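S.K.: Supplied in structure tokens, the structure appears directly below.
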Amino acid sequence: MPFLVDDIADPTGDRLADRLGLGVLTRIVPRDLVDEVVEQTGRRQQRVRLLPARMIVYYVLALTLFYGDAYEEVMRKLVNGLRFLHLWRNEWSVPTTGAISKARERLGPEPLEELYFRVARPLAGPGTIGAWHRDLRVMALDGVVLDVPDTPQNDHRFGRKAHRGGVSAFPQLRMVGLAECGTHAIVAATFDSWQVYERELARGLLTRLEPDMLVLADRGFFGYEFWNEAAGTGAALLWRVNSLLRLPVLQELPDGSYLSELLPKQMKTDLHRGKRRNVPDGARVPVRVIEYTIENRTSPETIRLVTTLVDDHRHPATELAALYAQRWEFELGLDEIETHQIAHDRVLRSRRPDLVEQELWALLITHCAIRHLMHEAADDLEIDEDRLSFIRTLRVVRRSVANDPEFPPCPGP
């Protein structure tokens, strides 16, 4: 009969579960924090198990680092460093896929969600290159659609996206996140079925906006009501809008931008058709508009931005136009998750909706932790984080998990 994890102890009496970590990421996701969120979410085991809660938290995180490997192989890599402590007993065997899946079900998504909330935070300091506009931390809202395994449960929960007369090969979920552009750290996220629009999902992130932030967003997020809600947080906004949106020129500014106003869609339509003469003052939302054309494309593209930063002397139009391109830093962060972390076939692993949620929170945690390491390295070298390779850092993290540096080789007898 295989030994329980808690039965394997070193000469000091420590249990395997007490020593298990996640390589270099353990410093960013420490054991005490894992224990705290497990306790807080009511997932602490009532009896000693082969797979205790803390071990499964680290295991789920490891799953997001080794997408191409089977469940049992990821477990082997997670405990491999214990060989160097001469603690690996031949009687202990790697749990089966079924046992691991049941342990994941017992754990549920809540501890990983709470752990992400604790770990995810802006990283940039005052000197971080590309992270600031004046005294404002540059952030971005964006979304991505991810495939999940083709099971009846996932299909019912997330649905399939219509595509060229058919439907997508896999059920899909939509995730929207808030990221720090200078570090690619995704500091807040929410997700649901692909059928839930980005703007609706983004409402769940507004509580994470701060007055010292400048938030960039693409035209899919713009709407009169949502703009007001986001502006009401005190954060500065710089969003792209549709070129067909009617924005009256109220005052031209020396830098080529102009002051305008936003109105509710129906009120604006009634004014245009002569059905309304007056507009309540409270309905008028002042904005500044910046328009420019990108020429170096097959066909020139006109970009139109609206912003709450109405002072053209402190925030020149040319600076804000150049700054909007930083929104693509979030695109790169999402690509790091899709292309490098998930990589294998760009489909999540989990066959049940609750485990899909668990997996996605874990994926966001490990991405944040990797970005934390990259930020520290760039800060030490005093270079732009964009000069560091995400995939190389991911490889270093993978090696540290498979051969945890906290478990150095012990001298032989």
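S.K.: Give me the net charge of P152's neighbourhood, meaning all other residues with Cβ under 14 Å from the Cβ of P152; Lys, Arg count +1, Asp, Glu -1.
M.R.: Values: positive: R157, R160, R351, R352; negative: D150, D155.
Net charge around P152: +2.
S.K.: To the nearest 0.05, how large is the calculated FRET efficiency for E338 and N278 if R₀ is 51 Å and r is the Cβ-Cβ distance?
M.R.: Details: r = 50 Å, r/R0 = 0.98.
Efficiency, from the Cβ-Cβ distance: 0.55.
S.K.: For segment 252-401, what class follows from the C-alpha gyration tensor (a ≥ b ≥ c being the square roots of its eigenvalues): rounded when a/c is under 1.5, otherwise prolate if a/b is larger than b/c, else oblate? Walk me through the numbers on the way to the answer.
M.R.: Values: a/c = 2.78, a/b = 1.80, b/c = 1.55.
Prolate, because a/c is 1.5 or more and a/b exceeds b/c.
S.K.: In whole percent, how big is the carbon plus sulfur part of the accessible area of the chain, probe 1.4 Å, protein atoms only?
M.R.: Ligands and nucleic acids excluded, carbon and sulfur give 49 percent.
S.K.: OK, next. Would you mind getting me the FRET efficiency between E105 and E331? Use the beta-carbon distance for r and R0 = 41 Å, nearest 0.05.
M.R.: Numbers: r = 34 Å, r/R0 = 0.83.
It comes out at approximately 0.75.
S.K.: Between R121 and V167, what length comes free when the chain is fully extended (0.36 nm per residue of separation minus the Cα-Cα distance, one decimal in nm)?
M.R.: 12.9 nm
S.K.: Give the accessible surface of the chain per residue, rounded to a whole number of Å², with probe radius 1.4 Å and ligands, DNA and RNA excluded.
M.R.: Numbers: 19540 Å² over 413 residues.
Per residue, the chain has 47 Å² of solvent-accessible surface.
S.K.: If you don't mind, there's one more thing I want to ask. What number results when the radius of gyration of the chain, computed over Cα atoms, is divided by 2.2 N^0.38 Å?
M.R.: Numbers: Rg = 24.8 Å, N = 413, 2.2 N^0.38 = 21.7 Å.
Relative to the 2.2 N^0.38 Å estimate, the chain comes out at 1.14.
S.K.: Please report the relative contact order for the chain, taking Cα pairs under 8 Å with a sequence separation of at least 6, and give it as a percent rounded to a whole number. Display every interim value, and only then the final one.
M.R.: Working: 696 pairs, mean separation 92.9, N = 413.
Computed value for the chain: 22 percent relative contact order.
S.K.: Follow-up question, since we're still on this one. Work out, step by step, the length gained on full extension between R399 and I129: first 0.36 nm times the residue separation, then minus their alpha carbon distance; give nm to one decimal. Could you put the intermediate results ahead of the total?
M.R.: On the way: separation 270, 0.36 × 270 = 97.20 nm, distance 2.88 nm.
Here the segment from R399 to I129 would lengthen by 94.3 nm.
S.K.: Normalising by the residue count of segment 318-390, find the relative contact order in percent from Cα pairs under 8 Å and 6+ residues apart. Walk me through the numbers before you get to the answer.
M.R.: Working: 21 pairs, mean separation 13.4, N = 73.
Once divided by the residue count of segment 318-390, the mean separation gives 18 percent.
S.K.: Give me the number: length gained by fully extending Q251 to D212, i.e. 0.36 nm times residue separation minus the C-alpha to C-alpha distance, one decimal in nm.
M.R.: Values: separation 39, 0.36 × 39 = 14.04 nm, distance 2.71 nm.
So the extension gain works out to 11.3 nm.
S.K.: Roughly what would the spin-label model give for T318 and S243, points 7 Å off Cα along C-beta, in nm?
M.R.: Between T318 and S243, the label points sit 2.3 nm apart.
S.K.: With r as the distance between the Cβ atoms of Y197 and V347 and R0 = 22 Å, compute the FRET efficiency 1/(1 + (r/R0)^6) and round to 0.05. If you can, show how the numbers build up before the last one.
M.R.: Working: r = 23 Å, r/R0 = 1.04.
Efficiency for this residue pair is about 0.45.
S.K.: Within 10 Å, count the other beta carbons around each residue, average over each peptide in 258-265, 184-191, 353-360, 377-384, and list them highest first. Before the final figure, lay out the partial values.
M.R.: On the way: 258-265: 17.1, 184-191: 23.9, 353-360: 21.8, 377-384: 12.8.
Those peptides, ordered most packed to least, come out 184-191, 353-360, 258-265, 377-384.
The values are calculated or read from the model by the stated rules, or taken from the named source; none is laboratory data. Please read all numbers here as calculations on a predicted model, not as lab measurements. Every residue, glycine among them, receives a Cβ derived from its backbone with ideal geometry; neighbour counts consider all protein chains shown. For the accessible areas, the whole protein counts, side chains as well, though only heavy atoms, and no ligand, DNA or RNA atoms are used. Shrake-Rupley method; radii C 1.70, N 1.55, O 1.52, S 1.80 Å.
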